[in-house]
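A quick write-up on the structure given underneath.
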């Protein structure tokens, strides 16, 4: 790790030196196609990646130097424009491309050294992204920041649109830094001249920074002078206000003295009045005590009367409840009696109907009985006639009729006679019997 730090620092020195030399020959304005500028960004990327911690995710391992560069936005508010413009570029899809775009914009603003110095000054924040032996965590990082100050003399015109920053391969081209010995010996004077020019440019850059700071200080001084004049005006107004307040205070003191004298007089008068009022109060207090005793006695009597009335009221309420209960019972009895009366009326109507039916049946029975009696009388007459005819027939046919026939005829006659006595009215049987007898 130490050897890598030393090698990267030497490569950074060489790349910055070659970049400054080529820029002086081209008039200090560089484009994105300039080879030393491209190699500078490659070496810068290797320096920022040195000792970078690997972050594991679901997709895989991620090792990008854009994470530490995002801290500059929090530490230095001036870098917020760079961060927002980098995030808004639609063609950048990886963190490596965003980091390269951030380096381009910082170099164009000529504040790359300032932003990296802010990062190195806050190493407790960088410890989340770098190992303890990384280049940005050691002294070499501060040396590289000092070397980057010389790049403020350059004017870089870099266009990010159309650049494929995501898929660029960062390979260091050592051919730019390898020279022949003759070129080295012959170019010592040229190197001295370039060193002097670099020093001149560095001094001019410092002078520009100092002029900017002087301008800022001058504006601050002008602002302070304006605020001082305003404060002086406010001070004069405040002194005038203080004087007026003092006069008002003196006037208020005089008024306070007058009020105090008046209040003392009024206090003496009130004391005399209070004495008189106290005497009258004592006199009225005695009368009020007597009235209070009388009222207390009346109150006791009224309480007793009230208790008696409450007792009577309770009795009346009890009697009222009993009356209500009795009324409810009477209502129930009346309803039951009404129900029984209705039932009895129904039964009476049924009995009347039954009596009418019995009466009709009795009339029918009497009429049928009369008919039966008439039939019996007619039958008796007929039987008498039959008996008489039988006697006559016995007398006539005693010699002609055999004993068996006589017996059958007698049996039929007896059955007929018994049937008539039983009041049997089967007409068919009677007619058959009569026909047999005949």
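Coordinate-derived values only; no laboratory data. A quick note: this is a predicted structure, and the numbers were derived from the prediction, not measured. Note that each Cβ is placed from the backbone with ideal geometry, even for glycine, and that neighbours are counted across all protein chains shown.
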Label model pair residue 349, residue 26: point-to-point distance (7 angstrom along the Cα→beta-carbon line) in nm is 13.2
Return the inverse of the average 1/r over all pairs of distinct C-alpha atoms in the stretch 284-327, which is the Kirkwood hydrodynamic radius, in Å to one decimal. 12.9
Largest-first ellipsoid semi-axes for the stretch 2-178, taking √(5λ) over the Cα gyration tensor eigenvalues, angstrom: 23, 20, 17
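Can you pull the Kirkwood radius for the stretch 218-274, inverse mean 1/r over Cα pairs, to one decimal in Å?
Numbers: mean 1/r = 0.0656 Å⁻¹.
So the Kirkwood estimate lands at 15.2 Å.
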Could you let me know the centre-to-centre spacing of the stretch 208-228 and the stretch 325-361, using Cα atoms, in angstrom? 125
